[in-house]
Each structure stands twice: as C-alpha cells, then as structure tokens.
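Undergrad: Quick one: structure below, then a few questions.
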C-alpha cells in the first residue's frame, strides 16, 4: 500500500518498511519514520528510477 501525493517540487510517498526501495533504505532521499510507516520525499530534481540499467528495449 503505497500512497503517492504529487506536490510542487516533488512527490511525497507513504509506505510500509517492506515497500521501501534500495535508495530509500540507504536514505539517499529524505525519509521519516512515523510508527509503522515511512514518509519519503522524492524531489523533482532526483529521478526515482534506477540509474544503473539501460531503458527497456535498448540493446535488444
């Protein structure tokens, strides 16, 4: 159950611990814990897509 709220400047997400991405677990983006939930802020300046892989369809 991830809740996404698009705001000017980025996206606010509310997640459970088992839903956190690696970058969120490593605190590469701002993360706050509130009880059993995590509040994650993804600024527009940071892509929430992994940077290590080429886009699907490239190199096939």
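The values are calculated or read from the model by the stated rules, or taken from the named source; none is laboratory data. Owing to the predicted nature of the structure, the values given are computational and were not obtained by experimental measurement. FYI the Cβ positions are ideal-geometry reconstructions off the backbone, even for glycines, and counts take in every protein chain you see.
Undergrad: Would you point out the residue of the stretch 1-21, among those that are under 15 Å from residue 47 (Cα atoms) and touching a residue at least 24 places away in the same chain (Cβ under 8 Å), that is surrounded by the most Cβ atoms within 10 Å (Cβ to Cβ)?
TA: It comes out as 13.
Undergrad: Out of (1) at pLDDT 95 or above; (2) surrounded by 11 or more Cβ atoms within 10 Å (Cβ to Cβ), the odd one out for residue 25 is which?
TA: All conditions pass for residue 25, except number (1).
Undergrad: Related question: Which condition number in (1) at pLDDT 95 or above; (2) loosely packed, with under 13 Cβ neighbours inside 10 Å is the one that residue 38 fails?
TA: Here residue 38 clears every test but (2).
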